[in-house]
Every structure is written in C-alpha cells, then in structure tokens.
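Have a look at the structure below before the remarks.
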Amino acid sequence: MSIFDILGPIMVGPSSSHTAGAVRIGYITRVLLGSPVAEAKIGLHGSFAATGRGHGTDRALMAGLLGMQPDDMRIPGSFEEAEKEHVKFSFHDMQISGAHPNTAFLEVRGTSGKELKVQASSLGGGRVMLNKLDGIEVNCACESPTLIVRNQDKPGYVAEVTTLLTQHSVNIATLNLHRDKKGGNAVMVIESDQPIPADVMERLEAMEGILKVTYLMSREEA
Amino acid sequence: MAYQSLQEIVETGNSRSIPFWKVILLDDMNDRSVTEEESVDTMKKMWSAMLEASDQYEGTMLSKSRLVGGMGAQMETYRTSQEPLCGDFMAKVISQALQMGESNACMKRIVAAPTAGACGVLPAVLIPLYREKKIPDEKVLEALYTAAGIGQVIAARAFIAGAAGGCQAEIGAASSMAAGALVHLRGGDSSQIIQAAAMALKNLLGLVCDPVAGLVEVPCVKRNVIGAVNALSCADMALAGITSRIPPDQVIDAMKEIGESMHVSLRETGEGGVANTPAAREIAQRLGM
Ligand code: SF4
C-alpha cells in the first residue's frame, strides 16, 4: 500500500468501500464501454444491497457511470444528472454466489449501441476488483496501467501482443489469460509498469482477430 | 516497499541521520518511482483537501438518515459562548473532529485517513494547531508524512479496516498516526514519535466496530473525537519522556490479534454492540435496513 492509500484518497463520503469504491466501479465500467452510458441496469449484492443505499452506493455507481471520479462533488446529485442526460437506469438487489460482500453487477448499453456486463467488487480503502467482463473472469485490480485485450481464442496472440509491448519498452508486471470456452472469446489482462503509448493501442486495435482493446490508466493518471 | 516495522523506520533514520518523515518520503519516491517534488505535491494536495473540507462544513446539513448533523456547530457555539471544561484549544479539536465526521456522513468531500470513517482525527488535531500556532506548511507536510508512515506499518502488520479488525483498526490507527504527527510538530524525535503512536493505539485496543444500521454515522462521528483527544494526550506524554512499556511494533501485533478474535458481529456488520441496542434496531428498521 502506498502512503496515499493511507492518507487518501480524497473522496466524497461516507465510506471508502461503499462510496469511493462504488464510484470507481462505475467509472471503470464507463471506460470499458467506450461511449457515454445510455442505459444501465445495476444489481447490488451482499452488503451493497443491505446498507448500500444509506451509504449512497447507488448514487456513487451512477456517478462513476457518468464519468465522475470518487472526489467529484456532484456524486450526491448523480441521479438528477443522469436524468438530465436522459440516461435510463434502475437498481435491483441480487445474490451472486461466491461473490465478495461488496459486489455490483452492471449491465450497460452505450450511446454507440454497444452492450457490456461488468461484475466488480469493492475491497476497501477505495480499491476495487474487476471480477468479470461479459461473463469472463478477469480479476483485475486496475491499479497500474491495465490493458484489456479481447480476442478470438487462437494461438499466437499472446506472443504478438507482448512482443509489441516489449518493442515499445513497456514492462509487463502481470499477464493473465481467460476465456469463455476453447476457441471462443478470450481476454488478456496485462498490467504494466509504464503507461501504454497511444500508437501501441492503435496497432493492437488494427491486429486481425483482436476484437477490442481497452486501456485503463492507473488511479493517479485516471 | 513499505516498512513493516516502526522500529526499523527509526533505525533507518538514525543510521542515515535523517528524521522519521524523510525516511517515509524517500520510501515513497522509491516505491512509486516519483521525484521528491512529485511526492510532496501529492501530499500538498491531501493537505489542501483537508483544509478545504474543514471550510466546507455546514452546520445546518443532516445526513440522509438524519442521524447526524449540526453537532460540530453546536460544539462551536458552546466553545465560543461558554467555558469548555477541556479549555479552548481542546474544544476546537472536538468541534473539528465532529465537523469532519459529519461532513463525511453528509457526502461531502474529505480525505480518508486512514479511512473515511476516521477522517476527522488527523485534521482535528492538525488544523487548530496550524491555525492557532501559525505552523509553516512545510512542517505540516512533514507531520503528514510521519502520520502516513505510521499508518503504513499498521496496515502492513495488522489492518486499517473496521470490517477486518474493528474500530481500533480505524479510529485507533488514525489516533496513532495523529499522535506521531503531533510529536513531530512539537519537535520530538523519531523514538518519541513511535512511542506516542504506540500509546495512542494501545489506549484504543479492543474498540469494536458497531455502526448503527451499518452507516458510518453512529458511533463513528463521535469516535473521531476520542481519536483526536487521545492523540493529543499521548503526544504530550511522549514529549514528556513517557514511554510505552510494550514496544510499538508489538502493540500493533496485539491490535491484530485482538481484531482477529473479534466476533464478526463487531466488525462493521452493524449487528452487534451499539448497533444491536433496541434503539439502534428501531432506527435500522425505520430506514429499511
Ligand atoms: S465504528 Fe466502524 S465504521 Fe464507524 S468509524 Fe469505527 S470502524 Fe469505522
């Protein structure tokens, strides 16, 4: 933990896990979606369902979906903001077996028409874990610069992607591979020590068989 | 890599003839690969956010549950119109602790230190001292590094979340951090800093986390007061040369042991302790929780 996990984050209260972490979950979902949110169905699990509303967890998730960060003073008014921007949203309680007590399940549709399902949990201190992306396990903390590459599950992609990163002097801290089924959709979650240059992103996106590349910056940059 | 021991921070500082805060600053630069200027800039941001949060307090606001709000203002009125038993300075500390805790409950912007629930402790001791004694900003930043270093060791050796180790891990840790920061502000040395930190944590060992209806409001807001007041008395003891008979790192280890044996109903579940009183149950029911 860095000293600014101890003194910090600067955040809108009342709870780092139920408020700040929830904003971050919404924000990460918004970044992954790649366009403003048009519609969101949000499921709250465990303690998020039990005490979430009193902690403003619902407003916090919505704020993040609108692109706000945990220190944004507009968080308490996020529902009104969403209505102004004609975002349709609803909340429901749900049970996700085996999930962390502070977990949210977000089904979102962007203005681009793109849809995304995100399951994420808030671990405390404002830190979060992205558990699943469209049903595929990713388990990513999204603390360091993180690259999420979705591709067809075929041989060779890992080598191509890592070679490209190495050529641009990006050091890979962790690399995780996940897939829904053999030959189906796969996800590569790469956490790096350095920010990923924009032209690397472009080249990745242009590669054949790569469906989508998303880049999440670390907390300080984001 | 964060230090795992307060003693080790003191020894590192002594061997290189640098103060406690500098050891933490250097470690941060190394840990996050940042320059001294970048690290200090981030710390400055935290400090100005604390001052801003203090200015943003509104005595008329109530939390959504309506359980807290207005107490910081009541305390201020009392302080300025009557003669507080604790004296004027301590009364200011109490007001500030209440105000910050209430701002947090009312979804205002605060600085978690080390958590949102305990966000009032550090500013409650630092802001009145800063304003009253006109302490230079650099000195306050040093005190914040000192506090962060203590918190980091507590997080590494034990925990800093009510859900993990009860309120001793939140208000206790905050109080420990604040005590060390105060000793630095008053010119104490590294070993006095960790003695103050140890005594402050020791005094709050066993404190359970029992928030009514699971909200960070009752008893949280007022516990910020005990965290702050305790920090001041422990800093004064350390400056007087009084030491903890149990070494600081071992006090942290004791906190961990106690936290681990704490029943889950007393670890932020809102089920035991104060949260389990008939009055609290009624509130929870009224709020639909
Ligand atoms: S009672 Fe629990 S929630 Fe409240 S301040 Fe203490 S640790 Fe935090």
Completion exercise
Shielding of A:14-23 by other chains, given as the mean Cβ count within 10 Å, works out to 6
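As a test of understanding, state the convex hull volume per residue of the protein assembly as shown from its alpha carbons, in Å³.
On the way: hull volume 77.9 nm³, N = 511.
Taking only Cα atoms, the protein assembly as shown has a hull volume of 152 Å³ per residue.
Measuring with a 1.4 Å probe in the full set of protein chains, what accessible area per residue, in whole Å², belongs to segment A:3-134? Please report the intermediate quantities before stating the final value.
Values: 4470 Å² over 132 residues.
That works out to 34 Å² for each residue.
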Exercise for the section: Among the aspartates and glutamates, select those whose C-alpha is under 14 Å from the C-alpha of residue A:212, and discard any that sit fewer than 8 residues away in the same chain. Expected result: A:115, A:134, A:153, A:202
Handout entry: Radius of gyration and maximum dimension Dmax of chain B, Cα, Å
Key = 18.4, 59
Problem - J(HN,Hα) series, segment A:169-182, from Karplus relation 6.51 cos²θ - 1.76 cosθ + 1.60, nearest Hz, glycine and proline x - result: 6, 8, 8, 7, 8, 9, 9, 10, 10, 9, 8, 7, 7, 4
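Could you grab the relative contact order for segment A:146-216? Cα pairs under 8 Å, six or more apart, rounded to a whole percent.
47
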Exercise for the section: Straight distance only, please: which lysines reach the Cα of residue A:84 with their own Cα at less than 25 Å, same-chain residues fewer than 8 apart left out? Expected result: A:41, A:114, A:117, B:64, B:108
Practice task
Send over the per residue convex hull volume for chain A, Cα only, as a whole number of Å³.
Solution key: 119
Problem - Contact order relative to length of segment B:6-286, as percent, for alpha carbon pairs under 8 angstrom and 6 or more apart - result: 19
Handout entry: Net charge, residue B:21 excluded, C-beta distance under 11 Å - Lys, Arg +1, Asp, Glu -1
Key = -2
Exercise for the section: Calculate one ³J(HN,Hα) per residue across segment A:67-79 by plugging θ = phi - 60° into the Karplus curve 6.51 cos²θ - 1.76 cosθ + 1.60, and present them in order as whole Hz with x for glycine and proline. Expected result: x, 7, 9, x, 9, 6, 5, 7, 3, x, x, 5, 5
Exercise for the section: Could you do me a favour and compute the accessible area per residue for segment B:6-286, 1.4 Å probe, result in Å²? Expected result: 39
Exercise for the section: Quick one: which residues, 5+ away or cross-chain, put their amide H under 5 Å from the amide H of residue A:126? H built at 1.01 Å from N. Expected result: A:17, A:21
Exercise for the section: Enumerate the calculated ³J(HN,Hα) couplings along segment B:55-61 in order (Karplus 6.51 cos²θ - 1.76 cosθ + 1.60, θ = phi - 60°), each rounded to whole Hz, writing x wherever the residue is Gly or Pro. Expected result: 5, 7, 4, 10, x, 8, 7
Exercise for the section: Taking the dipole about the Cα centre of the protein assembly as shown, with the C-beta of Lys and Arg at +1 and of Asp and Glu at -1, give me whichever of B:84, A:136, A:92 is farthest to the positive side. Expected result: A:92
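Give me the dipole magnitude in Debye, nearest 20, for the protein assembly as shown about the Cα centre, with unit charges on the beta carbon: positive for Lys and Arg, negative for Asp and Glu.
Working: 46 positive and 58 negative charges, 200 e Å.
Charge dipole of the protein assembly as shown: 960 debye, to the nearest 20.
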Exercise for the section: With +1 on each Lys and Arg Cβ and -1 on each Asp and Glu Cβ, and nothing else charged, work out how big the dipole of segment A:146-216 is about its Cα centre, in Debye to the nearest 20. Expected result: 340
Completion exercise
Expressed in angstrom and rounded, the centroid-to-centroid distance over alpha carbons for segment A:44-74 and segment B:230-269 is 33
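Rounded to the nearest 100 Å², what is the buried accessible area between B and A, both sides summed, probe 1.4 Å?
On the way: alone 12790 and 10570 Å², together 20640 Å².
Using a 1.4 Å probe on protein heavy atoms, the buried area is about 2700 Å².
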Exercise for the section: Provide a whole-number value for the mean count of partner chain Cβ atoms within 10 Å of the Cβ atoms in peptide A:115-124. Expected result: 1
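Whenever you get a sec, compute what percent of the accessible area on chain B sits on carbon and sulfur atoms (1.4 Å probe). List each step's numbers first, then the result.
Working: 5970 of 11520 Å².
Roughly 52 percent, rounded to a whole number.
How big is the convex hull of the Cα atoms of segment B:7-66, per residue, in Å³? Walk me through the intermediate numbers first.
On the way: hull volume 9.4 nm³, N = 60.
Measuring per residue, one finds 156 Å³ for the Cα hull of segment B:7-66.
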Exercise for the section: Would you mind calculating the relative contact order of chain A from Cα pairs under 8 angstrom and at least 6 residues apart, reporting the percent as a whole number? Expected result: 20
Completion exercise
Env charge @ residue B:4, Cβ radius under 14 Å, K,R +1 / D,E -1, value -4
Completion exercise
For residue B:68, the residues 5 or more places away or on another chain with a placed amide H closer than 5 Å to its own amide H are B:63
Handout entry: Peptide B:113-125, shielding by other chains (average Cβ, 10 Å cutoff)
Key = 3
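The values are calculated or read from the model by the stated rules, or taken from the named source; none is laboratory data. Just so you know, these numbers come straight off a predicted model, no measurement behind them. Cβ sites come from the backbone with ideal geometry, for glycine too, and all protein chains shown count toward neighbours. Side chains are part of the model used for accessible areas, which takes the heavy atoms of the whole protein and leaves out ligands, DNA and RNA. Shrake-Rupley method; radii C 1.70, N 1.55, O 1.52, S 1.80 Å.
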